[in-house]
Amino acid sequence: MKNYLTLLIFSVLVFSCGPRERVSKEVFDEVNKTMEVKRVTDAEITQEAMIWGDSITTLAQKNLISNLQKAIEEGGLVYAIQFCNENASELTDVLDPSEGVIIKRVSTKNRNPLNVPDEDEAQILDAYAYNSEQGLESEPNIQKIENGEVLLYTKAIIFPGGLCQNCHGDPDSELSPDVLNEIKNRYPQDQAFGFKTGDLRGMWSVKMPKKSIVNRL
Ligand code: HEC
């Protein structure tokens, strides 16, 4: 809308000033800039958001797993729990603060109360949960939020079992007593246990300002 307005003002300027009036270079540059912005379509923005969200979450996931493995090797599982608790930075490390992107892992069976989905996230997580119950795969998704100023990228996190079971598996048979104890102490409201391989564990949520996406195009 703003682009059209600028164009309109531009046209009024051009046509109302008579043939001898020159349009300043600044006005020209401004119009050229808005024209460039206008040429970026919604579909291109959505596509770029998908590519960017995929790459951010893939990097964050790698970062998280390699640091988790390192922590377990260095100090064992109980030490690694403290490490998970104190190091949310593995996620934000992959971001450039100037781009204003927010990354989270959310779950309805969460360990950290900060990882409860908000309203926008809950709707998509519900759909992922439905798919999971029906045995269907969930694709990554892009949703416009905050009046279209922000795009929300989401991707289901399917529980892989293995290493993860030590801290999110069956509390009776898969979690050791000291792991259970440490988790209960740090997270009295913990619900993130009892997962089996293939269950929906939660989802990645990446909120990207539309402006930052357009800057990448
Ligand atoms: C050493 C124990 C440990 C292991 C192993 C572990 N986690 Fe976690 N996990 C935690 C802790 C502790 C938190 C809470 C972190 C925080 O405070 O943000 C957590 C949080 C999460 C969350 C965020 C949602 C929530 O429940 O708060 C997801 C998703 C998750 N883990 C998935 C996994 C997956 C997948 C694996 C295997 C790759 C894994 N975890 C391995 C301890 C562990």
Exercise. When the chain is fully extended, how far beyond the present Cα-Cα distance does Arg186 get from Asn85, taking 0.36 nm per residue of separation?
Worked result: 35.5 nm
Exercise. Can you put Glu74, Glu99, Glu44, Glu119 in order of accessible area, largest first, using a 1.4 Å probe?
Worked result: Glu119, Glu74, Glu44, Glu99
Seminar exercise, completed: Rounded to the nearest 0.05, FRET efficiency between Val78 and Cys164 (Cβ-Cβ, R0 22 Å) equals 0.90
For this session: Net charge near Asn112: determine it from the other residues with C-beta under 11 Å of the C-beta of Asn112, scoring Lys and Arg +1 and Asp and Glu -1.
Result: +3
Exercise. For the range 181-190, in order, what is each residue's ³J(HN,Hα) by Karplus, 6.51 cos²θ - 1.76 cosθ + 1.60 with θ = phi - 60°, in whole Hz (x at glycine and Pro)?
Worked result: 4, 4, 5, 4, 5, 7, 10, x, 9, 3
Exercise. Taking only protein heavy atoms and a 1.4 Å probe, what accessible area per residue, in Å², does the range 43-216 have with all protein chains in place?
Worked result: 56
Exercise. Given H placed on each backbone N at 1.01 Å, which residues far from Val150 in sequence or on other chains put an amide H within less than 5 Å of it?
Worked result: Ile145, Lys210
Seminar exercise, completed: Judged on accessible area alone, 1.4 Å probe, highest first, Leu200, Leu59 line up as Leu59, Leu200
Exercise. Given the range 43-216, what whole percent of its Cα pairs are spread farther than 27 Å?
Worked result: 28
Seminar exercise, completed: So, with points 7 Å from each Cα along the Cβ direction, the Asp172-Asn215 label distance in nm works out to 5.3
Problem set entry | Amide H partners (placed H, <5 Å) of Arg111, local residues excluded | Gln191, Ala192
For this session: Could you work out how far apart the two model spin labels at Val40 and Gln134 are, taking each label as a point 7 Å from the Cα in the direction of the beta carbon, and quote it in nm?
Result: 3.4
Exercise. Which of the pairs Lys62/Lys184; Lys109/Lys196; Lys155/Lys207 have their Cα atoms more than 22 Å apart in this structure?
Worked result: Lys62/Lys184
Exercise. In sequence order, what are the phi-derived ³J(HN,Hα) couplings for the range 100-116 according to the Karplus relation 6.51 cos²θ - 1.76 cosθ + 1.60 with θ = phi - 60°, rounded to whole Hz, with x for glycine and proline?
Worked result: x, 7, 10, 10, 8, 10, 10, 7, 7, 10, 8, 8, 8, x, 6, 9, 6
Exercise. When the accessible area of the range 139-186 is computed with all protein chains present and a 1.4 Å probe, what percentage of it is carbon and sulfur?
Worked result: 45
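The values are calculated or read from the model by the stated rules, or taken from the named source; none is laboratory data. Since the model is a prediction, treat every value here as computed from it, not as a measurement. All Cβ positions, even for glycine, are placed from backbone atoms using ideal geometry, and neighbour counts span all protein chains on display. The protein model used for the area step is the full one, side chains on, heavy atoms only, and it has no ligands, DNA or RNA in it. Shrake-Rupley method; radii C 1.70, N 1.55, O 1.52, S 1.80 Å.
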